[in-house]
Amino acid sequence: MLAPCLLTLASFLLEAGAQMSSSFSRSLRRDGRCIYSFSVAGPAEDACSEPGEALAAVRELRSEREGQQRELAELANRLRLLESWMVRSQGQLSGQQGESLNLLRRLQELEQENRQLRAGHCPQAGRESQQGAQSLTGSSSRQRTQPDGRASSWRFEDRGFQELKSEITEIPASSLIQRSDPGGQDTAPHSSGCGMLEWVGDPVTFQKADSILGKYGVWMKDPEPVPHHTRDTIWRINTVGTDVRLLYEYNDLDQFVKGHPSKVYVLPEPVESTGSVIYRGSLYYQKRKSRSLLRYEMKTETILVRKDLTNAGYQGVYPYSWGGYTDIDFAVDEMGLWVTYSTHQAQGAIVISKLDPKTLQMEQTWTTTIRRRSVANSFMICGILYTLNSYSNRHAIINFAYNTNTNTSKVMNIPFENRYRYNCMTDYNPAEKKILAWDNFNMVMYDIRLSKL
Ligand SMILES: *[C@@H]1O[C@H](CO)[C@@H](O)[C@H](O)[C@H]1NC(C)=O
């Protein structure tokens, strides 16, 4: 009884191998209860993860399971609708109907599994991934099987901890059956008001970089432009290379899509990574190989302010999980300019500082309980920091929120698609209420919806 249920015990090596390792196991006790356990070994300087962090992770697992149950219920409804629609239009759609029946069968199995779990029994090892791979392959573009045909779901080797968590939340109903846009028409995002993020749409691709220099980068708009720029103006920096200094400007989306810049600025100091933003006519960025924050004014083409971000880790000390020296990340939202980073004192947890955009003076600082290395990216909306759990899993989730208005954090479970599976930049634009991202050469944008507060 124990043997089939003891799924796996694996180590995950994060970026560069030696930084941090974790293990996860699921096993069945003699009394028939499941035990989910994992451990995260930290680097020497912060030897144990804080109790708060472990608790948050447990809460997150629990909420993911609940989210999965909600998704299953949603899937059931959609399948029932699809079923009845297909019965009505029989004859033309026999192929799709077969697929629908497969999905129904799969759904019933998952429901059965959920019942077992609720009743305190482990589902049988292997079954889930095998059957999942069989019935899901071909029905969507998700990649559950390895090239050699093995199911990937429970193969944790060589995977980051973040990917593991994403695997747990797989099976979003929305990706099996095309979801109608819930952000449309009557429920359009509030154009002025603030709220909690509750939904992120599918990515829309605007541009694809045509050289290796564009694998990573950042594209930006100014939510509060100064003349002669407008809200349509777009800026772009390709960040591959050791001496990144070119800032491309495009008059509008059309020129951006065509790849016709109207101006190219040569920055006096090179740029580190993908954390920069444009705000009120200035580019804010981290100077390469330093913790210096620079404010470059485009009108005068000069650096107006430079300020050291005291104690901030840089050059791969506290980066996002994809690495890339992403230790320092600017953000802009309805409240203004922010920078997120970490310090030795914060033991690698995300620190948020509100900045005066004129002087780069710190106005206020918050220390969260979210380990910076464990998330793929983050962005601010209405004074709330949101984190993304994976940069490479197509079906990622926004897994955590920290509210600087109340100093409270919350586990989230909002699906987020990394369509090109290497998301190196994720920023919010408060003027358009959209998320801009750079995903593996591709510049993409997401609609969002905020709840009323
Ligand atoms: C939240 O934390 C900040 C920074 O530590 C502090 O200045 C502020 O008073 C706190 N606010 C609340 C509502 O607790």
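The values are calculated or read from the model by the stated rules, or taken from the named source; none is laboratory data. Note that the structure is predicted; figures quoted are calculated from it, not measured. Virtual Cβ from ideal backbone geometry, glycine too; neighbours counted across all protein chains shown. Protein only, heavy atoms only, side chains kept; ligands, DNA and RNA dropped before computing areas. Shrake-Rupley method; radii C 1.70, N 1.55, O 1.52, S 1.80 Å.
Odds and ends about this structure:
- Average accessible surface area per residue within segment 193-452, 1.4 Å rolling probe, Å²: 36 Å²
- Long pairs among 208/258; 263/299; 258/287, criterion Cα-Cα beyond 19 Å: 258/287
- Take residue 200: with every protein chain present and a 1.4 Å probe, its accessible area is about 10 Å².
- Neighbourhood charge, 13 Å Cβ-Cβ cut-off, centred on residue 361 and excluding it, Lys, Arg +1 and Asp, Glu -1: +2
- Solvent exposure, largest accessible area first (probe 1.4 Å, DNA, RNA and ligands not counted), of 379, 441: 441, 379
- Going by accessible surface with a 1.4 Å probe and the largest first, 243, 252, 222 read 243, 252, 222.
- Interchain or long-range residues, amide H under 5 Å from residue 434's placed H: 429
- The listed residues 208, 434 rank as 208, 434 when sorted by accessible area, largest first, using a 1.4 Å probe.
- Electrostatic tally near residue 431: other residues with Cβ closer than 15 Å to its Cβ, Lys and Arg +1, Asp and Glu -1, net -4.
- Subset of 215/434; 354/452; 221/410 violating a 26 Å alpha-carbon distance limit: 221/410
- Calculated FRET efficiency, residue 311 to residue 204, Cβ-Cβ distance, R0 = 41 Å: about 0.60 to the nearest 0.05.
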